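Novice: Right, I'll just put the structure down here and ask away after.
The values are calculated or read from the model by the stated rules, or taken from the named source; none is laboratory data. A quick note: this is a predicted structure, and the numbers were derived from the prediction, not measured. Cβ atoms come from the backbone with ideal geometry, glycine included; neighbour counts cover every protein chain shown. Keep in mind that these areas ignore ligands, DNA and RNA; they rest on the heavy atoms of the full protein, side chains included. Shrake-Rupley method; radii C 1.70, N 1.55, O 1.52, S 1.80 Å.
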Amino acid sequence: MSAPGPPAAQHNGPAQPPPPHGYRIYPSASSAPSAVCSQVPSKVTPPYTNHQYGIDYHSINYAAAPPQNAHIPPFQTNPVNTNQGSHQFYHGLSQSDHVLVSREQRQGVAPPVAPAQPYPAFTGAYNYSYSATSSFTPQGFTTHSSHYSAPVTSSPLYHGVPYSSVPASSQHGQVIPTHGLQTGTQGTNNTQRLPTITHPHALHQDLRSLSAPPVPVADRQSAYDGVVQNQVVPSTNHQQSSAGSSVFAVAAQTSEIGRPSPVVSAPNSMVTYPPSGNQSSGSPSLLVPAHKPQPAVQQGVDESSSTTSSASSEPRNYDVLEGGGYTETPAAANVPAPVNAAAHSSRLSKPFGHGYPTLQPGYQNAASPQSSQSSTPVHQPNYSQYASHYGGMNQLPASLAGLSLQQAPQPESLRPVDLIQDRNVLPVSSLPPPPPNLNADLKKLNCNPEFFRCTLTNIPQTQALLNKAKLPLGLLLHPFKSKPRIPAISPSTIVRCRSCRTYINPFVSFIDQRRWKCNLCYRVNDVPEEFMYNPITRSYGEPHKRPEVLNSSVEFIASSDYMLRPPPPAVYLFVLDVSYNAVESGYLQYFSQSLLDNLDKLRGDSRTKIGFITFDSTVHFYSLQEGLSQPQMLIVSDVDEIFLPTPDGLLVNLHESLELIKDLLTALPGMFTNTRETHSALGPALQGAFKLMSPTGGRISVFQTQLPSLGAGLLQSREDPNQRSSLKGIQHLGPATDFYKKLALDCSGQQTAVDLFLLSSQYSDLASLACVSKYSAGCIYYYPSFHHKHTPAQADKLKQDLDHYLTRKIGFEAVMRIRCTKGLSIHTFHGNFFVRSTDLLSLANINEDAGFAVQMSLDESLTETSLACCQVALLYTSSKGQRRIRVHTLCLPLVNSLPDVFAGADVQAITCLLANMAVDRSITSSLSDARDALVNAVVDSLSSYKSTLSNLQQSTLIAPNSLKLFPLYILSLLKQKAFRTGTSTRLDDRVFAMCQMKYQPLFHLMKMIHPSFYRIDRLTDEGAILVNDLVVPQPHLQHLSAEKLEREGAFLMDAGSKFYLWVGRNCDTNFLNDVLGFPNYASVPQKMTQIPELDTVASERTRNFISWLKRDSPLNPVLYVLKDDSAGKTEFFQHLIEDRSEAAFSYYEFLLHIQQQICK
């Protein structure tokens, strides 16, 4: 039985209880009583004025009380803290004078304390464990075949969040059932039959027809009760697929006795379902039909209405907290809909609430007629007036094709392009996202593509049509992006669907003033009385004009219903490598200076805490407790069993200990100048950081400069430099140990994220180290060959990155859930996170630079509606201590013809999703398989499009205008560091490129995949744009080919994290003098990384254009000025992807190869 939701709102009932501690009722500017509008006639002035309404949430200082369930041990007299025993590390004293705290001295210091448990122990949905075996290939990859059993273990520090004892390097992925939205089955019986599914296409997965006996509703609970990590559910079909099949497979999933398989989840950056059935052997492909039986409906009692209430019972876990799952009541699930009432009202409903007749004032407060309908699922949406406007190629018979007066105009996105003859397919400016084919009203209301993009802006109505198109269906998300700003509202009622828990949005249907129909599951819900009042217009009776219904992106300031504990303070812990390599690189100076400059800009409030740990062969803690005259260093030399040397003073209030913090940062760069310690005890340092952060959670920032060599998590070098340019398989792309993955899971359980800064001049096994950030929702920064003197450009980039990193927007204790229209389901996630349940992503931290990708499939046909919607809800705690919910809703049309699917293809979103899928294929199978699958994605999609055309020669390569850049982008992917072969590529460089593809949002990822190339020695104001009173020139994009380079010109390449300014040998002296500040070509220095500010028109234009390209970029690109004889020109020419290299096709050769494959 699922955990009950909040109790129903007491409409027109007794008075609400007084607000809980920390909440207050907004003061009213009028004399109206502070109550909701349940009994107030429409003529009475409502109490909410000045655009403020409902319960106000404000920051509370919880420092006076310990966290819930936390055990604070009694403080004992600590010789380390006495004047005689402590050492103040100034005045030239050596490290040998520092206090050493060993295991034998613990009783004299403080008893070892287990990390406090700030969260309630998770029960219910998280205390199940299963043991299962499976004979299918994990994650849809078929090159490995073995039976696999994963025993489940639990973290002793985070009960209820088990993880598997399978090593992190295991190639088995997460297996979870689909979570498409679904309401209770109409009818009197409590059974539901799983559909039989077949896949006719020969190039795709050849699955057996799957069916299952009727499943009692009471038994379906097990499908969502447990969360099992890295565990595989038994499949009904045990036959292995042959090698070389597709990169990704999704199949139906049932257990032996016909019951839905238990929920299986694991902390992976890519989550997928188990394949089942016979896969046909053949060429690797990234696309496979994704069919599986409908998910079981979770049966349980839900007393909640469409609102939230502060009187709800205490939530036990994040799944209940965000309101996921199916909370339909048994009565609602089993009572058939009134045929003549609900169905008729469904046909008359409109997409959003301005079409119902206005009620008379005397009826505005009356109860809704036929209130029983509000609990009856209505499955027939009516969006007929917003049907697709594409004429389509198949709407007219062939005999009428020549009648121009009768044939519907063909959209520009479907115009055939001969790629062989017309290779100049690059647009003159950046490619905008394709707009969905919606009417003007819905386009205006739709979600900004900077937050939310779909690979197909025309969703196929059936899975068979999607399979035929050979294009991936998925979403690219940038949910926490800070710009453009979205409205933040503080309602007394957050209105949500009672069945699927969708937040009300612009695409719901208002049947009348008292009822609205969910646009995802089609259930009819009551409109709460409080929602009748509009705080913006200060009017009553117009719920369709509320800000929640007029904006597809909103941010709610939530009540205590959405909290598991009082919001903790923002806590930042810095873990710094101070070994010989680290001191020699000089990064400590840049770190200390940047943090000193930004201490007052750190996100947080008056409760913000900060702490520091340094490590070499030992681990050093720093006591910064208020009252000390100088910071104290406490050294723990026993790295095999790390412990905290003192219970207090290691994490201190930023404002109360500000002077001590500044003293420490000022002295830090010179403290270890004479060190000779070459070992690195990174693992023990992270273990100590975890113990320190467990009571509160927060962010750990780790700086590492070499391969860990001591204690837990030590690593050995696995790179063979002779294999860097190998054409064969690349080895060691996965982790060597599961230590960092398990540590990340423990951190995620305690709401702690780990961010990694790797500054290494040698191999450091990033494939293993990256796990600590990947599975804790952290981020990764990488600076190869970093040295403050030898590579000043990287030192400048580190400074810029730190300035952005320390001040960017951050959220804590976040969870994210994606909901889709009934019939659509999400089966695979990409990014840095931990999967807590079937569709709930746990994000200990969320920052404004984090991107995510998901793959989708169609569980059932969507032929009864013309629109599909997806909604992402991000629940987080702000750095100021507010609990907030950010909601984005995307609406897309449904189509039933293959040409219309191609007309809505978003080529950039498709490319980014395929890049994520190829990274997973590289790690779990092989790099060569991933490369072949990328090529086959182009071949399959263009072959499918060609089948829609006629009277074309077989020797031509035709693509729709929407996909004309598809071959170019895939060729760019094949030549990137992540996937290239035959070119010398360091293993850490390759792994970091793969991490970037899994983490970066679409806009920045496309810059890395296909750089922008401009000629800038002839900039003019023609076509310029005005940005913040600056005139920004707009030069045309150039093809990435050496053919475009001219010795007389200067060219700028924007490659995302780097800018290259290539200056020709015969470049105009006016440009050299006016922009670079040098009289001739010979005087331009070799390692120039900045453009001077000169008082010339050309200099101003160039600087404005470069600044505009860098706008809001988290990558903080560094500029490199290159000459013909510059050392960095090799990397610049590697980005000219249209040219041939020793081991890769040119663009023209790649097109010929694609054509040859299609014509086979």
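Novice: Keeping to segment 1012-1055, report how many residues are open to solvent by 60 Å² or more (accessible area, probe 1.4 Å), touching a helix residue (DSSP H, G or I) at 6+ places or on another chain (Cβ under 9 Å) and within 27 Å of Asp801 (Cβ to Cβ).
Specialist: 1
Novice: Return the total of residues in segment 709-739 being on the phi > 0 side of the Ramachandran plot and open to solvent by 50 Å² or more (accessible area, probe 1.4 Å).
Specialist: Residues meeting the conditions: 1.
Novice: Looking at Ser399 and the list (1) part of a loop (DSSP other than H, G, I, E, B); (2) open to solvent by 60 Å² or more (accessible area, probe 1.4 Å); (3) modelled with pLDDT under 90, which single condition is not satisfied?
Specialist: Result: Ser399 passes all but (1).
Novice: Please determine, by comparing only the residues of segment 903-938 that are open to solvent by less than 10 Å² (accessible area, probe 1.4 Å) and β-branched (Val, Ile, Thr), which one is farthest from Gly831 (Cα to Cα).
Specialist: Residue satisfying both the conditions and the ranking: Val938.
Novice: Take the residues in segment 746-761 that are part of a strand (DSSP E or B) and not hydrophobic (A, V, I, L, M, F, W, C); name whichever of them is surrounded by the fewest Cβ atoms within 10 Å (Cβ to Cβ).
Specialist: The qualifying residue surrounded by the fewest Cβ atoms within 10 Å (Cβ to Cβ) is Asp755.
Novice: Now for a separate question. Pick out the one residue from Leu596, Leu576, Leu588 that is modelled with pLDDT of 95 or more and in a strand (DSSP E or B).
Specialist: Going through Leu596, Leu576, Leu588 in turn, the sole match is Leu576.
Novice: Just to be sure before I move on: is Ser482 of a type in the set (Ser, Thr, Tyr), under 29 Å from Pro1001 (Cα atoms), open to solvent by 10 Å² or more (accessible area, probe 1.4 Å) and within 29 Å of the chain's Cα centre (by Cα) in the structure I sent?
Specialist: Taking the combined requirement at face value, the residue satisfies it.
Novice: Next question, about the same structure. I'd like the residue in segment 816-828 that is modelled with pLDDT under 95 and in contact with a Phe, Trp or Tyr (Cβ under 8 Å, 6 or more places away or on another chain) and, out of all such residues, is surrounded by the fewest Cβ atoms within 10 Å (Cβ to Cβ).
Specialist: Filtering segment 816-828 for residues that are modelled with pLDDT under 95 and in contact with a Phe, Trp or Tyr (Cβ under 8 Å, 6 or more places away or on another chain), the one surrounded by the fewest Cβ atoms within 10 Å (Cβ to Cβ) comes out as His827.
Novice: Can you say whether Phe690 is of a type outside the set (S, T, N, Q), open to solvent by less than 20 Å² (accessible area, probe 1.4 Å), closer than 29 Å to Gln882 by Cβ and under 35 Å from the mean Cα position of the chain (by Cα), as far as the supplied structure shows?
Specialist: Answer is yes for this residue.
Novice: Kindly evaluate Leu665 against the criterion of being among the hydrophobic types (A, V, I, L, M, F, W, C) and either within 33 Å of the chain's Cα centre (by Cα) or within 23 Å of Tyr580 (Cβ to Cβ) (or both). So that I can check it myself, show each step before the final result.
Specialist: Values: among the hydrophobic types (A, V, I, L, M, F, W, C): yes; either within 33 Å of the chain's Cα centre (by Cα) or within 23 Å of Tyr580 (Cβ to Cβ) (or both): yes.
Considered against the rule, which asks whether it is among the hydrophobic types (A, V, I, L, M, F, W, C) and either within 33 Å of the chain's Cα centre (by Cα) or within 23 Å of Tyr580 (Cβ to Cβ) (or both), Leu665 comes out as yes.
Novice: Ok, one more. Regarding segment 520-534, can at least one residue be identified that is assigned to a strand (DSSP E or B), surrounded by fewer than 23 Cβ atoms within 10 Å (Cβ to Cβ) and more than 24 Å from the chain's Cα centre (by Cα)?
Specialist: Yes, segment 520-534 contains at least one residue that is assigned to a strand (DSSP E or B), surrounded by fewer than 23 Cβ atoms within 10 Å (Cβ to Cβ) and more than 24 Å from the chain's Cα centre (by Cα).
Novice: Is it the case that Ser837 is in a loop (DSSP other than H, G, I, E, B), over 25 Å from Phe1003 (Cα atoms) and of a type in the set (S, T, N, Q)?
Specialist: Yes; evaluated as a whole, the condition is true for this residue.
Novice: Is it the case that segment 497-506 has a residue that's open to solvent by 20 Å² or more (accessible area, probe 1.4 Å), assigned to a strand (DSSP E or B), in contact with a Lys or Arg (Cβ under 8 Å, 6 or more places away or on another chain) and of a type outside the set (Val, Ile, Thr)?
Specialist: Checked against the condition, which is being open to solvent by 20 Å² or more (accessible area, probe 1.4 Å), assigned to a strand (DSSP E or B), in contact with a Lys or Arg (Cβ under 8 Å, 6 or more places away or on another chain) and of a type outside the set (Val, Ile, Thr), segment 497-506 yields no hits at all.
Novice: Can you tell which of Ala1082, Ala1098 is part of a helix (DSSP H, G or I) and in contact with an Asp or Glu (Cβ under 6 Å, 6 or more places away or on another chain)? I'd like the intermediate steps shown before the answer.
Specialist: Details: Ala1082 fails: in contact with an Asp or Glu (Cβ under 6 Å, 6 or more places away or on another chain).
Answer to the check: Ala1098.
Novice: Go through segment 1056-1068 and give me each residue that's buried (at least 18 other Cβ atoms within 10 Å of the Cβ) and touching a Phe, Trp or Tyr at 6+ places or on another chain (Cβ under 9 Å).
Specialist: Selection gives Lys1058, Phe1059, Tyr1060, Leu1061, Trp1062, Val1063, Gly1064, Cys1067.
Novice: Of these, Ser592, Ser680, which one is touching an Asp or Glu at 6+ places or on another chain (Cβ under 8 Å) and open to solvent by less than 10 Å² (accessible area, probe 1.4 Å)?
Specialist: Details: Ser592 fails: touching an Asp or Glu at 6+ places or on another chain (Cβ under 8 Å).
None of the others qualify; the one that does is Ser680.
Novice: Now, a different point. I'm trying to understand the selection: among the residues of segment 970-990, which are open to solvent by less than 10 Å² (accessible area, probe 1.4 Å) and part of a helix (DSSP H, G or I)?
Specialist: Ile970, Leu971, Ser972, Leu973, Asp988, Arg990
Novice: Now for a different question. Restricting attention to segment 535-552, does a residue exist that is basic (Lys, Arg), closer than 29 Å to Leu824 by Cα and in a helix (DSSP H, G or I)? Steps first, please.
Specialist: Start the filter on segment 535-552 by keeping residues that are basic (Lys, Arg), which leaves 538, 545-546.
Right, trim to closer than 29 Å to Leu824 by Cα and you get 545-546.
Next cut, in a helix (DSSP H, G or I) only: 545.
Yes: segment 535-552 contains one or more residues that are basic (Lys, Arg), closer than 29 Å to Leu824 by Cα and in a helix (DSSP H, G or I).
Novice: Anything in segment 781-814 that is of a type in the set (Val, Ile, Thr), surrounded by fewer than 23 Cβ atoms within 10 Å (Cβ to Cβ) and outside any loop (DSSP other than H, G, I, E, B)? List them, or say none.
Specialist: If the condition is that a residue be of a type in the set (Val, Ile, Thr), surrounded by fewer than 23 Cβ atoms within 10 Å (Cβ to Cβ) and outside any loop (DSSP other than H, G, I, E, B), then Thr807 is the only one that fits.
Novice: So Gln706 clears everything in (1) closer than 30 Å to Arg980 by Cα; (2) part of a helix (DSSP H, G or I); (3) over 27 Å from the mean Cα position of the chain (by Cα) except one condition, right? Which one?
Specialist: Status for Gln706: all satisfied but (2).
Novice: Go through segment 991-1030 and give me each residue that's part of a helix (DSSP H, G or I) and within 30 Å of Ser1099 (Cβ to Cβ).
Specialist: So the first thing to find is which residues in segment 991-1030 are part of a helix (DSSP H, G or I), and the list is 991-999, 1002-1009.
Of everything in segment 991-1030, those that are part of a helix (DSSP H, G or I) and within 30 Å of Ser1099 (Cβ to Cβ) turn out to be Phe1003, His1004, Met1006, Lys1007, Met1008.
Novice: Continuing with the same structure: With respect to the numbered conditions (1) touching a strand residue (DSSP E or B) at 6+ places or on another chain (Cβ under 6 Å); (2) among the aromatic types (Phe, Trp, Tyr); (3) in a helix (DSSP H, G or I), which one is the sole condition not fulfilled by Tyr1120?
Specialist: (3)
Novice: Which condition number in (1) more than 20 Å from Ala793 (Cα to Cα); (2) acidic (Asp, Glu); (3) in a helix (DSSP H, G or I) is the one that Glu1131 fails?
Specialist: Of everything listed in (1) more than 20 Å from Ala793 (Cα to Cα); (2) acidic (Asp, Glu); (3) in a helix (DSSP H, G or I), Glu1131 misses just condition (1).
Novice: For segment 650-662, give me the residue count where each residue is in contact (Cβ under 8 Å) with a residue 40 or more places away in the chain and either surrounded by fewer than 16 Cβ atoms within 10 Å (Cβ to Cβ) or not polar (S, T, N, Q) (or both).
Specialist: 8
Novice: Could you please let me know if Ala959 is surrounded by 18 or more Cβ atoms within 10 Å (Cβ to Cβ), touching a helix residue (DSSP H, G or I) at 6+ places or on another chain (Cβ under 7 Å) and part of a loop (DSSP other than H, G, I, E, B)?
Specialist: Working: surrounded by 18 or more Cβ atoms within 10 Å (Cβ to Cβ): yes; touching a helix residue (DSSP H, G or I) at 6+ places or on another chain (Cβ under 7 Å): yes; part of a loop (DSSP other than H, G, I, E, B): no.
Taking the combined requirement at face value, the residue does not satisfy it.
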